[in-house]
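What follows is calculated from the coordinates using simple rules that are stated; it is not laboratory data. Everything quoted here is computed from the prediction, not taken from an experiment. Glycine also receives a Cβ, built like all others from the backbone with ideal geometry; neighbour counts cover every protein chain displayed.
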């Protein structure tokens, strides 16, 4: 299940990026990727050391940087799709290749690929290489599974770091909305790309929003420690709580494949027995001895005590009180920033030791499994595998302590220098990363939104509507996940500060003035929705507005408009092609065009890539992603049904064969009985004849 899910995530990531490459990274794109690769004549190995990306091989294949990125995305999409529908492709070498492909894109992706979920996908993808089977040396299926508990534990440790850090940074950031428990009263309308459900969630009463923040703290800070609980049922409960949180985020926000990837990480909390139970393959209850029954009741009491402690601490430290008159629950933090920092300092190092003990248990358990293998050769081979993967897991755990302890400075300063050296040597490969989502809540005074306008005469201005980000106050928020419109996301970040903090925005303005088709496709795939489709605008400016969700009407009906807005200030001055101000900004940010790149030869590979691009250009990216997914899911379902019918038919054949054998045996037995009877009758006749004689 984990490997199948990772195949789907990779497919979403590659296909989503493929649809945006020309407009983001092409020669006529916002941030041409060819600027990131400087061919200085160095040997290939030195170039790979400087920037580990397969795009260095592009010129040898007759491809420019854009086409090289397109080829990588297409390969990644096809291979991930193949791994999704065909189990033999879920191999360590396949996942290693997918990881290398995505790392190659990350190296030249610049600001449009520097999101935490891109780093999370690379780290999870590398761990998947360790988890997946290595069929090349898979001589005996039972032997190759002895170390699975060790490698899969690394997924659980990554999940713990992600969730615990995401909860902690909300309080260490000193954001007044997180400390006042009012963050969700702003979050639904100020997040990057809301969904229609976000509008309805925003209308919930304040006391419920504050209680939801308390629940978020409990799930992200307290529950992750249950990931390493020795009681199996506690890990399963923590899985469902984490999955519930991610599903709620998916319903109320468009966060591409991030929440799906987080749910995939949470699968590390389950075991085969629970998965089989979920699929309907229930295990028969065996009779237990009195000692087993006693242990069962003892673990149940310990589990209940753990839940009670979490609930008690939540009620005490957030002063939860039920107001029966107002039918609400009041809440507020009962601790200070200094007290929380002291608690964090006291718990960070012990959490590391919890990880050490948990990993040691997995390594020891795997060692005993290897010792139980029959045959000297297979036992030796299992032990070698155990030693390799145990060493790899220990190294990955040690290196991950550096970014994990970023949440607490004193703990970070105690990390052994040798571990820091290891971390610095692998940092550019994104093997381990630090996380901390939703650190601060933005848009408290209203959601800042950049609105781009174009004009032919500098008098009449027309707004340029983007496909996904808020603009038209009457347009409903879209549902685009698992696709990530990376330009729309960066437009959200750009609105948080002056345009000088977002140099790429000047590149966007230039391409819109030039009327570049690839960039326009990022704004609107449907040409009829783009106001300057016949001729590019002569002038462009950008203005900053404040947006708010509308409220429910007094009669309880839903208003026709989803948003209301108010002009705030000018974001980008009015510019035109040849404007000295625009040229100065382009030169300052290193975005000025330096001549067109050489056209590639009309060989098979470039021609094929151009044909695929022309075919996919008019298709919306979410449509491409969901078409791939449902096609793969249908193939998997047909395979299951076909294998089920084939197994049932084979069982019927076996039953028929058994019945035929039984029938044949019965016929033989009947014939033997008749033969015996005839022999007995013949003997009786002989005896009677002798008597008469």
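Place a point 7 Å from Cα of residue 588 in the direction of its Cβ. Which residues in region 545-580 have their backbone N less than 18 Å from it?
570-580
Kindly put 131, 607, 237 in sequence by how many other C-beta atoms sit within 10 Å of each C-beta, fewest to most.
Listing 131, 607, 237 from fewest to most nearby Cβ atoms yields 607, 237, 131.
Rounded, prolate or oblate: which one fits region 280-388, using the alpha carbon gyration tensor with axes a ≥ b ≥ c (rounded when a/c is under 1.5, else prolate when a/b beats b/c, else oblate)?
Oblate, because a/c is 1.5 or more while a/b does not exceed b/c.
Just want the ordering: 439, 447, from fewest to most Cβ atoms lying within 10 Å of their own Cβ.
Exposure proxy ranking, most exposed first: 439, 447.
Report, to the nearest 10°, how far helix 504-514 tilts away from the longest principal axis of the Cα atoms in the chain, using its own Cα long axis and a range of 0 to 90°.
70
Just to confirm my numbers, what's the Cα centroid distance between region 416-438 and region 299-324 in Å?
Using only Cα atoms to place each centre, the spacing works out to 36 Å.
With a Förster radius of 30 Å, plug the Cβ-Cβ distance of residue 415 and residue 387 into 1/(1 + (r/R0)^6) and report the FRET value to the nearest 0.05.
The formula returns an efficiency of 0.75 here.
Nearest 10 degrees is fine. How inclined is helix 148-172 to the longest principal axis of the chain, computing both from alpha carbons?
Roughly 30 degrees, rounded to the nearest 10.
What ranking of 506, 574 emerges when the number of other C-beta atoms within 10 Å of each C-beta is taken as an exposure proxy, fewest first?
By the 10 Å Cβ count, ascending, the order reads 574, 506.
Percent relative contact order of the chain, based on C-alpha pairs within less than 8 angstrom and at least six residues apart?
Computed value for the chain: 18 percent relative contact order.
Return the whole-Å distance between the Cα centroid of region 207-238 and the Cα centroid of region 45-124.
So the separation of the two Cα centres works out to 35 Å.
Pick the calculated semi-axes √(5λ) of the Cα gyration tensor in Å for this structure from (1) 39, 32, 22; (2) 78, 36, 18; (3) 55, 35, 28?
The listed entry that was calculated here is (3).
Tell me the label-point distance for the pair residue 615, residue 636, using the 7 Å Cα-to-Cβ offset, in nm and rounded to one decimal.
Here the modelled spin labels are 2.4 nm apart.
Between helix 621-692 and the chain, what is the angle of the helix's C-alpha long axis to the longest principal axis, kept within 0 to 90° and rounded to the nearest 10?
0
So if R0 is 25 Å, what FRET efficiency would residue 36 and residue 623 give, r being the distance between their Cβ atoms, rounded to the nearest 0.05?
0.25
Which values of log₁₀ I(q)/I(0), to two decimal places, follow from the Debye formula for region 181-332 at q = 0.10, 0.18 Å⁻¹ with a uniform point scatterer at every Cα?
Per q value, in the given order, log10 I(q)/I(0) is -0.49, -1.19.
Could you work out Rg/(2.2 N^0.38 Å) for region 292-337, with Rg from alpha carbons only?
1.70
For the chain, what is the calculated [θ] at 222 nm in deg cm²/dmol (nearest 500), taking -39500 (n - 2.57) for each run of four or more DSSP H residues and dividing by its residue count?
Taken over the chain, the calculation gives -19500 deg cm²/dmol.
Rounded to two decimals, what is the ratio between the C-alpha radius of gyration of region 447-588 and 2.2 N^0.38 Å?
Compactness ratio reported: 1.10.
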